[in-house]
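Since the structure comes first, as structure tokens, the remarks are kept for the end.
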Amino acid sequence: MENVNSCAYVAKIDEIKEIVGADKIEQARIGGWNCIIQKGEYNVGDLVVVATTDAVIPESLSNAMNVTNYLRKGQRVRTVKLRGVYSECLIIPITYIQGVKRVEGADVMGLLGIFKYEPPVKMVQLASGRTIRFTENEAFNVYYKFPNQKNVPEMFNEEDYVQITRKIHGTNARYAILKKPKITMIDKIKKYLSSKFGIGGDKWKWCEYEFYVGSHNVLKDIQSL
């Protein structure tokens, strides 16, 4: 893929399997994703557009495909279960891509007006009682280590050695001393007096920095140094 973090890209159908007891639907596998499709609509090897979980689909597109009722509130693709089989993505016919080269792995989010759902900006209340936006300091933003494995099923093979870890609730934490996103005039004066005359000790010497505590996606507290 051109972009392993894309939520709408061109892909090839790798496998189609029957669903026991179903006359009108079958299951397609595209990379690491499974999708329920109408029987006979696609063949193995066909190029399609895959919209993965949490892709937000324009209403005009979902209406044209007659799938709006299968989407989550806010036009988001969701995982559904039919006849005991999971469908984890939405397949969009390749004919909806016009005027571009249809290449396997191509990101078509912008072309189709699809974007990835992002939760609303979080407001957190610090121990001091002050309420701030979580993303106030970009250096302490949400982070993730790996792309979704379903987008890159070839990341590991049977010969690879891997280290299996287990996350225990409450042990994910990070701590940082970061420069304030906004340095006030008072901070600049304190910094000058500290460096020039030694006034204020370490408290003024490091007044342009703050101590951050949180997890990979939650800010717990900010304290002035």
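In loop segments of the stretch 58-111 as defined by DSSP, the GluC sites (Glu not before Pro) with at most 15 further C-beta atoms inside 10 Å of their C-beta are 104. I need the fraction of alpha carbon pairs in the chain separated by more than 32 Å, rounded to a whole percent. Distances greater than 32 Å cover 43 percent of the Cα pairs.
Between the stretch 197-214 and the stretch 1-75, the alpha-carbon centres lie 54 Å apart. Couplings for the stretch 110-119, taken from phi via the Karplus curve 6.51 cos²θ - 1.76 cosθ + 1.60 with θ = phi - 60°, read x, 4, 9, x, 9, 9, 8, 5, 10, x Hz in order; Gly and Pro are left as x.
Once you have the Cα-Cα distance between residue 17 and residue 173, take 0.36 nm times their residue separation minus that, and quote the gain in nm to one decimal.
The residue 17-residue 173 span can extend by a further 51.9 nm.
Full extension of the chain between residue 148 and residue 59 yields a length gain of 29.5 nm, computed as 0.36 nm times the residue separation minus the alpha carbon distance. Summarising the amide proton neighbourhood of residue 222: residues at separation of 5 or more, or on other chains, whose placed amide H is nearer than 5 Å comprise 127. Lysine pairs in the stretch 7-74 whose alpha-carbon atoms fall under 22 angstrom of each other, counting only those eight or more residues apart or on distinct chains, come to 4. The smallest convex shape that holds all Cα atoms of the stretch 8-116, its convex hull, gives 97 Å³ per residue.
Over the chain, Cα pairs under 8 Å with separation of 6+ residues give a relative contact order of 19 percent.
If you take the beta carbon distance between residue 202 and residue 102 as r and set R0 to 41 Å, what does 1/(1 + (r/R0)^6) give as a FRET efficiency, to the nearest 0.05? After rounding, the FRET efficiency stands at 0.10. Using R0 = 41 Å, the C-beta based FRET efficiency linking residue 95 and residue 211 works out to 0.15. Phi-derived couplings, Karplus 6.51 cos²θ - 1.76 cosθ + 1.60 at θ = phi - 60°, listed residue by residue for the stretch 29-38: 10, 10, x, x, 9, 10, 9, 8, 10, 6 Hz, with x used for Gly and Pro.
No lab work stands behind these numbers, since they all come straight from the coordinates. Just so it is clear, the model here is predicted, and its values are computed rather than measured. Cβ coordinates were reconstructed from backbone atoms using ideal geometry, including for glycine residues, and neighbour counts include every protein chain displayed.
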